[in-house]
Amino acid sequence: MFKTNKTHQRKQLFGLENQLPEKMKKKLAQTIYPLFYEEVFCQIDEDVFAPLYSQKVSRPNCPVNILVGLEILKHLFGLSDEQLFENFYLDIRYKVALGIQDMREGDISLRTLYNFRSRVVAYNQKHGVNPIEEVFETLSAHFIEKAGVQTDIIRMDSTQITSNMRRMSRIDIMSRTLQQFLKRLDPEEIAPYQQAYARYIDEDKRKAYLESIADPSRALEIIASDMLEVLTRYQEHPHYSQQAAYQLLERVLNDQTLVVDEQLRVKAGKEIASDSCQSPFDPDATYLRKNGKGYSGYSTNITETANPDNDVQMITHVHTEANIHSDKAFLNEELDTLKEKTNMDTLVVDGGYVGEDIREKVHAKGVEFIETGLKGKEPKTNSAAFEIDETKGILRCPMGKEPIRTRIKSEKAQALFSHEDCKDCPYADQCFAKKQKKGMKVDIELKRYERDKRRAYMKTQAFREKKNLRPAIEGTISAMKRTGLNWIKVRGLVRVQMTVMFNAMGCNLKRLFRVCQNKQNGKNKQPLLLNHAA
């Protein structure tokens with residue numbers, strides 16, 4: 001039965017903090033833990049977690065705000081589960097952060113936290129809603145307001161997150177996936193096929209069997225044939241055919257093989273898609289090759305404020321998907337939400353986010369789009385110095401000469417200049433003009449013109465100042481990786497998403513703490529006393 005935790009609101013006369021000596025109270029007040037209680041713990045809306053629990057009258061749930069608070073504390077300090085609970089049991093500061101006023105309170109086991117995580121994952125997989133995301137959005141908005149952060153300038157960047165799995169060969173992926181399914185069969189199902197199944201179920205036998213096949217290509221063919229046989233055997237079974245292990249087995253076989261002329265054929269390595277299963281232990285992870293390096297895992301897009309007048313910047317959004325999710329897709333999916341929940345009028349990104357459709361969509365929102373780089377080499381000729389009207393055509397050339405006639409045709413600006421106007425032009429070797437009998441013809445694609453104007457703008461001082469706002473987000477990503485994202489210790493997309501959000505909450509809290517400390521130091525600073533002559 002779901003029940004909210006309000007006990008922390010009733011302050012005890014002989015609570016933990018009241019029993020501390022005055023010196024310790026002052027010391028505690030200077031730490032992040034009282035701030036955690038006020039600005040994190042008290043802001044958690046437990047009601048969003050109510051659907052995770054039974055509505056029937058039964059034993060109440062463990063306080064959700066304590067469980068969520070523990071998760072944030074874990075990622076705030078980059079702790080393991082064991083370290084987290086040791087601190088929770090023995091460190092008075094953790095009790096203060098979680099609103100616990102008696103050392104005898106808060107008797108929570110690590111298993112309770114595991115069960116809570118499983119509930120969130122199961123609910124997300126069934127309903128497509130993650131309550132942790134609502135907590136993140138609530139806290140982010142609260143931190144932004146508390147710190148007085150302006151949200152008119154936004155920057156974003158993505159990073160790769162390596163999955164918590166070892167690299168596996170195709171033979172391992174296929175045989176281990178088959179092993180996972182066979183291990184879930186009842187003994188009576190295994191008995192008729194004991195010999196055939198044993199060489200996969202038993203790990204030592206699996207290794208010995210595969211090592212006995214000298215040719216790797218032949219081993220792939222044998223495993224694929226065994227996988228197909230098992231899938232066919234249980235495809236009509238009312239229980240086994242509905243299991244996730246069966247569906248994964250089917251997926252892996254489709255990843256690794258093709259049916260050609262009604263014969264099963266193992267795919268060549270280059271035919272394997274990037275979204276193929278990389279491991280049966282983390283089927284959500286995908287493979288991506290970027291900058292000459294291969295990654296198996298996930299990609300996270302981080303969005304934060306970037307106004308240089310802010311005392312600190314705050315992370316506003318985090319979005320995690322399989323690592324084949326492109327930067328353009330991230331931006332396309334987040335743009336509406338960003339515009340709705342912030343005052344964004346400027347967006348700063350790198351070249352990976354940019355596409356003509358994305359650019360048009362951003363501009364349609366009334367947002368200035370600062371892209372710090374353009375893909376492709378800079379052309380020898382640049383059309384930016386021409387004056388072009390997208391409805392009339394070319395109005396003037398870089399030397400200020402007007403054409404004899406001009407028009408827009410097939411998304412191109414076309415114009416004819418007189419031979420006399422183009423004679424002895426100092427830019428002749430860099431111009432688009434081609435000599436014809438009636439004059440000098442200029443033909444410029446409108447898309448090319450827009451691209452050249454962007455290149456020209458990128459060379460201005462105004463652009464450089466805005467461009468320089470983006471690199472700092474790499475420092476944010478670096479800080480998040482130092483507290484757990486460099487090598488993530490969980491598997492599955494939902495668990496990875498939760499981990500990234502908890503990490504971002506911790507990162508934002510550290511920044512809010514810095515603001516509060518600076519304000520407090522400013523208050524405590526003694527005014528300068530000067531002697532004035534009478």
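Laid out as a table, the results:
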read-out	value
Tally, over segment 467-488, of residues that are farther than 11 Å from Gly78 by Cβ and not β-branched (Val, Ile, Thr)	10
Some residue of segment 85-99 being open to solvent by less than 10 Å² (accessible area, probe 1.4 Å), touching a Phe, Trp or Tyr at 6+ places or on another chain (Cβ under 9 Å), among the hydrophobic types (A, V, I, L, M, F, W, C) and outside any helix (DSSP H, G or I)	yes
Where a residue in segment 508-529 is assigned to a helix (DSSP H, G or I) and its partner, wherever it lies, is of a type in the set (Phe, Trp, Tyr) and modelled with pLDDT of 70 or more, with Cβ under 6 Å and at least six apart	Asn508/Phe143; Leu512/Phe143
Any hit, segment 182-191, residues being within 22 Å of Ser276 (Cβ to Cβ), modelled with pLDDT of 95 or more and either of a type in the set (Ser, Thr, Tyr) or open to solvent by less than 40 Å² (accessible area, probe 1.4 Å) (or both)	yes
Given (1) modelled with pLDDT of 95 or more; (2) open to solvent by 20 Å² or more (accessible area, probe 1.4 Å); (3) polar (S, T, N, Q); (4) not in a helix (DSSP H, G or I), number of the condition Thr151 does not satisfy	(2)
Checklist (1) open to solvent by 40 Å² or more (accessible area, probe 1.4 Å); (2) within 25 Å of Gly484 (Cβ to Cβ) applied to Cys62, failing item	(1)
Hits in segment 434-465 (condition: hydrophobic (A, V, I, L, M, F, W, C), touching a helix residue (DSSP H, G or I) at 6+ places or on another chain (Cβ under 9 Å) and at pLDDT 90 or above)	Met440, Ile444
Any helices (runs of 4 or more DSSP H) falling wholly within segment 157-243 and containing at least 2 residues that are of a type in the set (Ser, Thr, Tyr)	170-182, 194-201, 216-234
Condition met for Phe143 (surrounded by 17 or more Cβ atoms within 10 Å (Cβ to Cβ) and more than 30 Å from Val348 (Cβ to Cβ))	no
Residue ID - farthest from Leu67 (Cα to Cα), chosen from residues in segment 105-138 that are part of a loop (DSSP other than H, G, I, E, B) and open to solvent by less than 30 Å² (accessible area, probe 1.4 Å)	Asn130
Pair list, Cβ < 7 Å and 6+ apart or interchain, from segment 451-475 residues that are open to solvent by 70 Å² or more (accessible area, probe 1.4 Å) to residues that are of a type in the set (Asp, Glu)	Glu474/Asp157
For Glu38: the one exception among (1) closer than 17 Å to Asn5 by Cα; (2) touching a residue at least 24 places away in the same chain (Cβ under 8 Å); (3) part of a helix (DSSP H, G or I)	(2)
Residue list for segment 449-479, filter: within 24 Å of Met501 (Cβ to Cβ) and acidic (Asp, Glu)	Glu474
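Each row is one residue, and each column tells you yes or no for (1) surrounded by 14 or more Cβ atoms within 10 Å (Cβ to Cβ); (2) under 27 Å from the mean Cα position of the chain (by Cα).
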{"residue": "Tyr240", "(1), (2)": "yes, no"}
{"residue": "Gln243", "(1), (2)": "yes, no"}
{"residue": "Val252", "(1), (2)": "yes, yes"}
{"residue": "Glu262", "(1), (2)": "no, no"}
{"residue": "Lys267", "(1), (2)": "yes, no"}
{"residue": "Lys270", "(1), (2)": "no, no"}
{"residue": "Ala273", "(1), (2)": "no, yes"}
{"residue": "Gln278", "(1), (2)": "yes, yes"}
{"residue": "Asp284", "(1), (2)": "yes, yes"}
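Each row is one residue, and each column tells you yes or no for (1) of a type outside the set (Gly, Ala, Ser); (2) under 23 Å from Ala479 (Cα atoms).
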residue	(1), (2)
Ser118	no, no
Tyr123	yes, no
Ile132	yes, yes
Glu137	yes, yes
Ile144	yes, yes
Met156	yes, yes
Thr159	yes, yes
Asn164	yes, yes
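Each row is one residue, and each column tells you yes or no for (1) out of contact with any helix residue (DSSP H, G or I) (no Cβ under 7 Å at 6 or more places or on another chain); (2) assigned to a strand (DSSP E or B); (3) modelled with pLDDT under 90.
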position	(1), (2), (3)
Arg251	yes, no, no
Asp284	no, no, no
Ser299	yes, yes, no
His319	no, yes, no
Asn332	no, no, no
Glu340	yes, no, no
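The values are calculated or read from the model by the stated rules, or taken from the named source; none is laboratory data. Bear in mind that the values here come from a model prediction, so they are computed numbers and not experimental data. Glycine also receives a Cβ, built like all others from the backbone with ideal geometry; neighbour counts cover every protein chain displayed. When the accessible area is computed, the model is the full protein with side chains, heavy atoms only, and any ligands, DNA or RNA have been set aside. Shrake-Rupley method; radii C 1.70, N 1.55, O 1.52, S 1.80 Å.
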